[in-house]
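Reviewing the structure listed below.
All of the numbers you see were taken from the coordinates with simple rules; none came from a lab. As the structure is a prediction and not an experimental result, all values here were calculated from the model. No Cβ is skipped: glycine too gets one built from the backbone with ideal geometry, and neighbour counts run over all protein chains shown.
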Amino acid sequence: MKKKIAIIGSHGLYANYGGWDQLVINLVENKKRKYDYLVFNSKDSNKDFDIPSGTQVIFMPLKASGLQGILYDYISILISFFKADVFLLLGGQGMPIIFLLNFIFNKKIIVNSGGVEWEREKFGYLAKRYLKLCFDLCFKSANHVIIDNNIYKKYISPKSIVPYSVIPYGGTIDNSLIISKKMIKKYSFLEKDFFLSVSRSIEDNQLNEICDTFIKSKKHLVLISNLSNSQYGKKVLHKYSKVTNITLIDGLYVKPELDLIRKKCICYIHTHSTCGTAPSLVEMIMCQKPIISFDVPQNRNTLNNSGVYFSNFDDLANILKSTNNFSKYLISKDILKNYKWPNIIETYENLF
């Protein structure tokens, strides 16, 4: 009898939110072993797709994010106790109920603990306390914990006896794509020199700061973000939408289009200040373009110290002003193997 793996905590199959959703797609579509998967899809996820063989999808009446996300995870966990052999939790916010119920059911629990969410500015005091509790419970109640960046080791208690692995997210770029007249008509900046930044619209991704820097530099910035999904993003959209050397793209999830924009940029600028192995950064590593990154340990770890770094936006302005040839910030090809999906899928399956 085949093992059934419940994947809990993502937006679901064929969602377009981030690294976890890409992980779900790759685990289900490119599995190397004969596992069955149980996947939970958020209320606001895509419903128009063919379900791959060996996969069961449950469409939830709740959203996977926000306050509903906790209930979404709890209900998914309760259902999974009766349907699955192994749990893969993407994020630890469901760990309190795992801690209580697994004394009875004794399932194999594997948790991708996510980032250090309790350090994000967007969360209030109680939310931060809850998220830190959940992270600590991962190392008390799981059979194995996954972290996506070596830097997160420092948050693991030395008293923890739960084994853990460092497994980043993968990335793929279609290098066969060519720029068509249709694409140029849709994205006229493709005929110009431009810099690119891709991130979610949250404060610690510093969208305001990068836009202000480019206003002063006169160079062209293309910023892709889910701007309409947050009050912060809406303010950025309102403030910079009419700036002539800034192109704001409010959410782009068509991968061939996104890949073409990545391939055509002069240089990618990574502004994440509180993240692990950011999927947007991994995609640019695989794209083999020059990268300028905000200088925090997790970004240096992801890039293996390739590229160039800025500690503040005055530094970034100076780099933009003083650099004529950005190709010297190209990423080492040696690290590409770290982010290939087949290797990552095999590592996950070995844990199941």
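Summary table below
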| item | result |
| --- | --- |
| Calculated FRET efficiency for the pair residue 104/residue 257, C-beta based, R₀ 35 Å, to 0.05 | 0.10 |
| Sites residue 125 and residue 296 - FRET efficiency at Förster radius 30 Å, r taken between beta-carbons, to 0.05 | 0.80 |
| Pairwise FRET efficiency - residue 50 versus residue 266, Cβ, R0 = 35 Å, nearest 0.05 | 0.35 |
| Aspartates and glutamates whose Cα lies under 20 Å from that of residue 107, excluding same-chain neighbours fewer than 8 positions away | 36, 73, 85, 136, 349 |
| Placed amide H near residue 222: partners under 5 Å, 5+ positions off or other chain | 195, 196, 197, 247 |
| Gyration tensor verdict on the stretch 181-338 (Cα atoms; rounded if a/c is under 1.5, prolate if a/b is larger than b/c, oblate otherwise) | rounded |
| Zone of residue 34's modelled label, taken as backbone nitrogen in the stretch 1-24 under 12 Å from a point 7 Å along Cα→Cβ | 1-3 |
| Residue 203 paired with residue 180, simple spin-label distance in nm, labels 7 Å along Cα-to-beta-carbon | 4.3 nm |
| Across 83/108; 2/83; 216/239; 3/108; 255/337; 3/47, pairs whose alpha-carbon gap is larger than 18 Å | 255/337; 3/47 |
| Among the listed pairs 4/264; 32/159; 34/182; 181/218; 132/234, those beyond 32 Å (Cα-Cα) | 4/264; 32/159; 34/182 |
| Dipole magnitude of the stretch 4-167, debye to nearest 20 (Cβ charges: Lys/Arg +1, Asp/Glu -1, about Cα centre) | 480 debye |
| Order of 213, 323 under a 10 Å beta carbon neighbour criterion, fewest first | 323, 213 |
| Label-to-label distance, nm, for residues given as residue 217 and residue 43 (7 Å Cα→Cβ offset) | 4.1 nm |
| J(HN,Hα) series, the stretch 213-226, from Karplus relation 6.51 cos²θ - 1.76 cosθ + 1.60, nearest Hz, glycine and proline x | 5, 6, 4, 6, 7, 6, 7, 9, 10, 10, 10, 10, 7, 7 |
| Distant-in-sequence amide H partners of residue 37 (H built 1.01 Å from N, under 5 Å) | 5, 55, 56 |
| Positive-end residue, the chain charge dipole about Cα centroid, Cβ charges, pick of 155, 351, 172 | 172 |
| In order through the stretch 155-167: 3J(HN,Hα) via Karplus (6.51 cos²θ - 1.76 cosθ + 1.60), integer Hz, x for Gly, Pro | 8, 8, 5, x, 7, 5, 10, 6, x, 9, 10, 9, 10 |
| For the chain: relative contact order, % (alpha-carbon pairs under 8 angstrom, 6 or more apart) | 15 percent |
| Placed amide H near residue 10: partners under 5 Å, 5+ positions off or other chain | 90 |
| In the stretch 157-248, trypsin sites (Lys or Arg not before Pro) in a DSSP loop with at most 13 other beta-carbon atoms within 10 Å | 159, 192, 218, 242 |
| The stretch 1-59: trypsin sites (Lys or Arg not before Pro) falling in loop per DSSP and having at most 13 other Cβ within 10 Å | 2, 32, 33, 34, 47 |
| Residues listed by number, the stretch 17-45, amide nitrogen under 19 Å from residue 97 label point at 7 Å toward C-beta | 38-45 |
| Ranked list, fewest to most other Cβ atoms within 10 Å of each Cβ, for 53, 327 | 53, 327 |
| Cα-projected label distance for residue 192 with residue 155, points at 7 Å along beta-carbon direction, nm | 3.9 nm |
| Sorted peptide list for 247-257, 140-150, criterion being average Cβ within 10 angstrom, highest first | 140-150, 247-257 |
| Helix-only mean residue ellipticity at 222 nm for the chain, each DSSP H run of n ≥ 4 adding -39500 (n - 2.57), per residue, nearest 500 | -10500 deg cm²/dmol |
